[in-house]
Structure formats: C-alpha cells, structure tokens
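Encoded as structure tokens, the structure appears first; notes follow it.
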Amino acid sequence: MKIAGLSGSSFLSLFFVLGLISSGGFQWVFSDYSWPIIGSYVIGNGYSESLRVVPFEGKTFGADVYGFDPRAILEPGPHNQKLQQLLREELKRHLVLVFHDVADKFTPETQVEFTKQVYGPVYADLSGPPKYIFKGKHQSTDQEGAKKAFQAGKKMDAFAATMTKYNKADALLTKVITEPENDAVAFGEGFHTDVTFKRDPPYAAVLIARQLPRVGLGNTKFLDMRVAYETLPAKVKEQISNMYGNHTDKDVNWSLHPVTVRDPFSQRDSLFVNRHFTRSIFDHSEDVSLEFLLDHIADLEANYPQASLNITWEPGQMVIWSERFTQHAAQFDYTTRRELHRVLAAPS
C-alpha cells in the first residue's frame, strides 16, 4: 500500500537505516527533520533481517513496514517475543502500519493466529461478520455513494446478499467483498470506527488484500482522531469532557462510550464518535451536538490534511490500524471485484 501519489520506492529513496538493535536495546538516530520526526531502524531476527518502519512524511500518523516475514511471529524462535513487542509498540506509536509483500505468506488461519499472538484475543462475536449484515442492514445509508445508488434504482439488499454469500456468521475472519455489478454500496464506506456498538470495541484491525481492482482504485482513507479532538474549540472540549455517546447497530446491540478517550501512549485525548454507529450524545448543550462533532470529523481531511491518509492498495499488502484513535473509510470507485480479509483484535 502507498499514499496516493507516492510509490513505495519513492519513500524508500528518502530514507536509510538510522538505527540498529543492540544488546542493550534500540540505538536511536534521527534525521534532521524537526517535524515530523523521520526515522527508520533495523532489527535482527531469524527471518526479517532488515525490518524497516518508515513514518509517512508530513503526516501526524502512519508508517510503511518493509521486510517483515510472519514466520518470525508464527514459528517459535529466540526473537519471537521481541518482535511481537516491537510490532505492538509501533502500532501504538504510528496508529496505522502498512506492511508490504506479506499477503502470500498468510493463510486465513495464520492471519487469525498472528492477530492473536501480537494484538489481542480474537472472538467471532467481535471479529466475525457483524450480525446486522445477515438482516440486510447497512450503516452507510447517508453516504454519497448510497444516495447515488438509490437514485439509480439499486437496492440495498444486494449488499447484504454479497457479504452473506461469502461469510459465515460464526467465523473469526470477515471477508470484505464488493462485487460492483451487484452491490449498491461497499462494506465500510464512510468514515467510521468498527463495531463501536459493542461494550468492548476492538483494539486493532488486521486487513490483508486478496483480490484488488486496478491500482489507484478502492483506496482506504484514515483520519487521526487525536487531531480531530485537538482542533475543536476550547469551549467544546470542555463541554464534551464528561459526555457519553450512544452507539447502536440499528438492530438490538447498543453501548455507551465516552465522547473523548485518552491515548495512553501519546498522552493525548481523542474523539470517539462516528457516523456509522453513534446515534446520540448525552448532556449535549446548545453549543455542541453530535452533528457538530460528526461534521467536524468529516471536514478534517480538507482542513487538516496532515491528519489524513489516502492509502492505495497494491498486491501483497497488509494494513494494521488502531481502532481506538483512528477512523477509516473504504472508497467505492471501481468496477471489478474487490476482496480483503479482516480480523479484529479485542482489548487484552
């Protein structure tokens, strides 16, 4: 995967190895950039002799990961625990990790096992296909793509038919599939955080490309929800500090979550409402409403481009992201089949 407009090779040309792992831990060396810090480092292990983590230039979050071999995690070895810890720390640091040339090294079963070992437990009720799709429900009916589909006379139940055709209700892995000739909308359109109607929403998502449209189509966008909070007016921050949002799946599931959550790694607050699942907020005032917060998030990409990513899928890629401090949106601008496999890690 790459940020739209820049290739992976062009990123690599900007960096060289700046740190080495030593017996005493990491030896850090940073470039001369004042903001954001641009750096990369190498670890030694049985398979990934030159694992590189390269932060995205000019962005508040996100990094490319090169040279990773999942056997270093899935097979016992002296560096297994160290690598697991490294990958956990890098997700906390960057929030979105884009791995290159790894998809063919995973099966659906090992994708689940990798997620369990590194990021947390995997439960069918959380990670599997959401139950609302089996009832023909969709959370993105207010998105522009859905509105255009309605205008064209397409039926929303075609979406549910495609997803239920390829997914089992009790699976640990969700096959995110769009067949444009049948589907009015794509699963995951519109900025959101996954399944926040759960009492304990997921900690992280692991998504692997299996079948892709032409490169440049079907991108996935991300937003940094810490910046979404930080760019709110001071008065609004104060007002929402003790508010709760009601999150539902338009069916029988609902949960209450704080409107703001704290990132323990960066010690920064983050906005935790999304247009898919948050239906209302409690104790709102005349000055702040749920719609105000959702509109603020919708405008983040245009107003603060450093807090947004537009990632282009390429064959062989895997993306892992924090479900607590980001939002993401699938782009439905393609005409051929698209299939990705998603596993969600529960909080551990």
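Within region 279-288, not a single residue is basic (Lys, Arg) and within 23 Å of residue 343 (Cα to Cα). Residue 245 meets the conditions (1) open to solvent by less than 60 Å² (accessible area, probe 1.4 Å); (2) touching a residue at least 60 places away in the same chain (Cβ under 8 Å) in every case but one. The failed one is (2). Among the residues of region 241-274, those identified as in contact with a helix residue (DSSP H, G or I) (Cβ under 8 Å, 6 or more places away or on another chain) and at pLDDT below 95 are 249, 250, 251, 253. Region 104-194 holds helices (runs of 4 or more DSSP H) entirely within its bounds, and those carrying 1 or more residues that are small (Gly, Ala, Ser) and at pLDDT below 85 map to 144-151, 157-166.
Taking the criterion of being within 27 Å of residue 261 (Cα to Cα), within 14 Å of the chain's Cα centre (by Cα) and surrounded by fewer than 19 Cβ atoms within 10 Å (Cβ to Cβ), would at least one residue in region 289-306 satisfy it? Don't jump to the end; show me each part of the working.
Restricting attention to region 289-306, the residues satisfying the condition of being within 27 Å of residue 261 (Cα to Cα) are 289-306.
With within 14 Å of the chain's Cα centre (by Cα) added as a condition, the list becomes none.
No, region 289-306 contains no residue that is within 27 Å of residue 261 (Cα to Cα), within 14 Å of the chain's Cα centre (by Cα) and surrounded by fewer than 19 Cβ atoms within 10 Å (Cβ to Cβ).
Within region 221-232, can one find any residue that is in contact with a His (Cβ under 7 Å, 6 or more places away or on another chain) and either free of Cβ contacts under 8 Å to residues at least 40 places away in the same chain or under 20 Å from residue 119 (Cβ atoms) (or both)? So far as region 221-232 goes, yes, one or more of its residues are in contact with a His (Cβ under 7 Å, 6 or more places away or on another chain) and either free of Cβ contacts under 8 Å to residues at least 40 places away in the same chain or under 20 Å from residue 119 (Cβ atoms) (or both).
Of all residue pairs spaced 6 or more apart or on separate chains, those with beta-carbon atoms under 6 Å, a first member in region 249-266 that is touching a residue at least 60 places away in the same chain (Cβ under 8 Å) and a second member that is open to solvent by 50 Å² or more (accessible area, probe 1.4 Å) are 250/137; 265/92.
On the stretch given as region 43-61, residues that are open to solvent by 20 Å² or more (accessible area, probe 1.4 Å) and either assigned to a loop (DSSP other than H, G, I, E, B) or at pLDDT below 75 (or both) total 9.
Does residue 64 satisfy the criteria of being open to solvent by less than 20 Å² (accessible area, probe 1.4 Å), more than 26 Å from residue 198 (Cα to Cα) and in a strand (DSSP E or B)? So residue 64 fits the description; yes.
Is it true that some residue in region 326-334 is under 18 Å from residue 205 (Cα atoms), of a type outside the set (D, E, K, R), buried (at least 19 other Cβ atoms within 10 Å of the Cβ) and in contact with a helix residue (DSSP H, G or I) (Cβ under 7 Å, 6 or more places away or on another chain)? Within region 326-334, one or more residues are under 18 Å from residue 205 (Cα atoms), of a type outside the set (D, E, K, R), buried (at least 19 other Cβ atoms within 10 Å of the Cβ) and in contact with a helix residue (DSSP H, G or I) (Cβ under 7 Å, 6 or more places away or on another chain).
The values are calculated or read from the model by the stated rules, or taken from the named source; none is laboratory data. What you see is a predicted model, and the numbers here were worked out from it, not measured in a lab. A quick note on method: Cβ atoms are made from the backbone with ideal geometry, for glycine too, and the neighbour counts reach across all protein chains shown. Please note that ligands, DNA and RNA were not included when accessible areas were found on the heavy atoms of the full protein model with its side chains. Shrake-Rupley method; radii C 1.70, N 1.55, O 1.52, S 1.80 Å.
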